[in-house]
Each structure stands twice: as C-alpha cells, then as structure tokens.
Amino acid sequence: MAEISGPRKIIHIDMDAFFAAVEQRDFPEYRNRPVVVGGPPDSRGVVSTCSYEARVFGIRSAMPSSQAYRLCPHAIFLRPRFEAYREVSRQIRQIMLTFTERVEPLSLDEAYLDVSACQAYQGSATLIAREIKRRIRETTGLSASAGVSYNKFLAKIASDLDKPDGLYLITPEQGPGFVENLPVGRFHGIGKATEAKMQALGILTGKDLKARSLEELSLHFGKAGRHYHQIARGLDERPVVPSRPRKSMGEESTFQTDLDDKVEMLARLETMAGELLRQLAQKRLTARALTLKVRYENFVLVTRSKTLSRPFFDLADVIPHLAELLGKTEAGTRRVRLLGVSFSALSEEDGQPTFRQYDLFSL
Ligand code: TTP
Ligand code: MG
C-alpha cells in the first residue's frame with residue numbers, strides 16, 4: 001500500500017450501552033426502562049453495564065449490583081448473554097472491514113479503524129464514520145458512537161463526546177486545544193491511580209501536563225511519561241494494529257511419566273482434540289487440517305499432518321485421523337514425553353477463510 005502523507009484518519013467506534021442495548025433490542029418489553037446487566041442484585045456480583053435509563057439513577061459499570069439495586073430497585077436486572085454480544089461484535093467487525101483491513105478491536109463493542117487509505121466518500125473520514133454507524137443500525141438495530149480524528153488518543157476521546165448515537169470530529173487544528181482543556185482523568189490510559197498521582201503533583205488538566213518537561217514526567221511515570229508528554233500536545237503515533245485472524249489453534253501436554261501405551265496416548269489426544277473442537281465451536285470456526293506433535297523420551301520432536309477436503313464435524317470424525325497420524329510415528333516403540341494436537345485451515349462457519357481479502361468497495 002502506498003504511504004499516505006499528511007495527517008492520518010482514525011475512527012474510533014464504540015457501541016452505546018452495549019450489553020443493555022442488545023437486551024432492549026431482543027426483549028421489547030425492556031425498552032425505555034432501566035436495565036442493568038451483570039450479577040444479580042442479591043449476589044456479590046457487579047454491574048457490567050446498564051441502559052441510559054438506568055444511568056439517570058447513578059448506576060455505572062463495575063458498581064456492586066447490590067448498590068445498583070439500592071439506587072433503583074425497580075430496575076430490570078439481567079444476566080449477560082455473551083453469545084448474543086459476540087454475534088453483534090462479529091457483525092460490526094464485518095461492516096468495518098468493508099472500509100479498511102486496518103481494524104483494531106479493543107473489546108466486543110469497540111474498535112479503531114485507520115481509514116487513511118480508504119477512498120470511499122472521497123476519503124472523508126467523517127462521512128465514512130457516518131456510513132458505518134448507519135450500517136451498524138441497519139444490520140444490528142443498535143446505535144454506535146464514532147470519534148474521528150488524526151490519532152487513536154483523540155479519536156477515542158471524540159467518540160465519548162457526543163454519546164449516545166454520536167459522531168464527533170477533532171481536527172488537527174483543534175487537537176492541541178482540546179487536550180489542554182481536558183481533565184487528565186478523562187484521558188484514556190490514565191487510570192484512577194495515575195490520576196491521583198498527577199493530582200498530587202498539581203497536574204489536573206492537559207494544560208498542566210503540557211507544562212511539565214519530558215524529564216520530569218519520565219522521572220515520575222517511567223516509560224509512560226513519554227506517552228503523557230506526547231498526548232499533552234495532541235500527539236499519538238501509535239499505529240492501528242489489525243487483529244490477525246488465527247491461523248491455527250493447538251493443545252499439548254508433557255506427561256509426568258513418559259507414555260508407552262498407544263491406547264493411553266490416543267486417549268490423551270482425544271481429550272485435547274475434544275477441547276479444541278469446543279474452542280472452535282465457541283469461536284464459530286471450523287478446521288480442515290490436523291497436526292500431531294510427538295516428542296520422544298530422547299527429546300526428538302516429530303510432527304505429522306493431514307489436510308481434508310471438508311472440515312471435521314466432531315470427535316468421531318477426528319479420532320481415526322489422529323490414530324492414523326500416530327501410526328506414522330514411532331510412538332509406542334519409543335516412549336513419549338509430550339503429545340500435541342493442532343487444527344489449522346480454519347474457516348468461519350459460513351465457509352469463508354479467516355484470511356479473507358476484503359474489497360474496499362464491495363458494498
Ligand atoms: P463500554 O463501551 O465501556 O460501555 P457501554 O457500551 O455499555 O456504554 P457506553 O455507551 O458508555 O459506551 O463497555 C462495553 C461493554 O463491555 C458493556 O456494555 C459491558 C462490558 N463491560 C463490563 O462488562 N464491565 C465494565 O466494567 C465495563 C466498563 C464494560
Ligand atoms: Mg460502548
């Protein structure tokens with residue numbers, strides 16, 4: 001890809017009241033009502049998140065559920081349904097990937113995009129962000145907020161400024177002034193402890209932070225000092241790092257005593273393959289290739305692989321291949337100290353390889 005000169009175009013997308021919004025979408029009777037997702041109010045659990053209707057009562061993420069109950073006894077308390085949230089997370093990821101491959105997810109509901117090289121909408125990051133929001137609503141029925149700026153730090157701040165259903169742009173001209181006026185506690189990456197430490201040093205706002213030298217900040221905050229020195233000036237060079245789809249997943253174990261019985265070895269391999277199949281199902285992936293790893297008692301390592309024309313379905317499908325691959329080693333003749341299984345040629349359940357090439361203009 002050609003290098004782009006000039007400021008980068010970074011978008012930060014963050015879903016609004018994410019878990020609670022999914023619950024309100026799926027259960028219309030919860031709409032317009034205070035909804036708290038997390039541990040039950042009579043447990044030691046905490047609030048994962050709550051609807052905007054519940055925030056009016058002062059309920060917040062990470063607060064004990066018992067406290068949330070005291071603040072709003074008539075709120076609807078729900079246990080999280082992660083599978084539903086993961087599904088939405090996949091949908092929004094797919095939407096973002098139609099604009100650029102440079103998508104860095106931060107959590108299920110949040111991601112950075114670098115759209116510097118994206119030519120849709122004449123390269124207008126604001127229009128791209130608006131279109132992403134529109135498609136998210138169309139596909140998932142949920143609202144997202146977007147922040148647009150020239151680096152990750154400011155894009156993240158921007159996405160919070162117009163929530164919910166927001167779209168906020170911080171231009172290169174506005175960036176430094178923006179940071180000056182911000183309390184340091186609002187800076188992403190400055191947690192409660194650092195905020196308190198800064199306050200003790202008399203650093204309350206971005207302006208205070210900017211007034212301190214790199215030496216002083218490094219002295220107090222070590223390596224992070226440089227980052228603080230930069231962000232105080234509205235600068236942040238951190239690249240958007242796309243998440244690499246996994247190429248394989250594996251399990252292995254070293255035994256306390258070396259194995260010499262092939263039946264025992266197959267039983268161990270079966271357990272590992274079962275665990276991998278469970279992980280695949282959870283990630284909605286399928287696998288078509290299998291690798292067996294064997295380390296003999298003399299530490300020599302051998303691998304044997306096999307690729308099938310269609311994905312494995314279940315353990316019964318995998319076991320004959322494992323037995324076949326094991327038969328191609330000297331296991332049993334030689335004692336074995338480690339066995340491992342890995343699956344590769346992974347695809348999403350819809351049959352698409354995980355290394356998909358996304359067409360920037362495919363929609
Ligand atoms: P956030 O994006 O921080 O919060 P949110 O989407 O619920 O609300 P906002 O409109 O302010 O963005 O987190 C996303 C999800 O992550 C949230 O819906 C639930 C989960 N979460 C927790 O489980 N525990 C937490 O402490 C936080 C902050 C979030
Ligand atoms: Mg959110």
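Going by the alpha-carbon gyration tensor, a ≥ b ≥ c the square roots of its eigenvalues, is region 130-277 rounded (a/c under 1.5) or, if a/c is not under 1.5, prolate (a/b greater than b/c) versus oblate? Judged from the Cα gyration tensor, region 130-277 comes out oblate (a/c at least 1.5, b/c at or above a/b).
Under 5 Å from the amide H of Asn151 lie the amide H atoms of Ile10, each residue being 5 or more positions distant or on a separate chain, with H modelled from the backbone and absent for Pro and chain starts. Comparing Tyr85, Tyr168, Tyr69 in a Gaussian network model of the chain, where Cα atoms under 10 Å apart are tied by springs, the biggest mean-square fluctuation is seen for Tyr69.
Could you please report the charge total around Glu110, scoring K, R as +1 and D, E as -1 over all other residues with beta-carbon less than 10 angstrom from its beta-carbon? My count for the surroundings of Glu110 gives -2. From a point 7 Å beyond the Cα of Glu173 in the direction of its Cβ, which residues of region 6-39 have a backbone N at a distance under 11 Å? Of the residues in region 6-39, none has backbone N under 11 Å from the label point off Glu173. Bridges between two residues of region 1-172, per DSSP, are antiparallel at a rate of about 75%. When the chain is described by a simple charge dipole with +1 on each Lys and Arg Cβ and -1 on each Asp and Glu Cβ, the residue from Gln282, Val36, Ser305 located farthest towards its positive end is Val36. Helix 262-282 and the longest principal axis of the C-alpha atoms of the chain enclose an angle of approximately 30°.
Computed extension gain for Lys207 through Thr126, at 0.36 nm per residue and net of the alpha carbon distance, reaches 26.4 nm. Note on Thr271 and Asp162: with the Förster distance fixed at 45 Å, the Cβ-Cβ geometry gives a FRET efficiency of about 0.30. Of Ser159, Ser143, Pro80, whose Cα points farthest to the positive end of the dipole of region 1-172 (charges on the beta-carbon: +1 Lys, Arg; -1 Asp, Glu; origin at the Cα centre)? The listed residue farthest towards the positive side: Pro80.
As a proxy for reagent exposure, ranking His12, His188, His227, His74 by other Cβ atoms within 10 Å from fewest up yields His74, His188, His227, His12.
None of the figures in this text is laboratory data; all of them are computed from the coordinates on show. All values derive from a computational prediction rather than experimental measurement. Quick reminder, even Gly has a Cβ in these numbers, built from the backbone with ideal geometry, and neighbours come from all protein chains shown.
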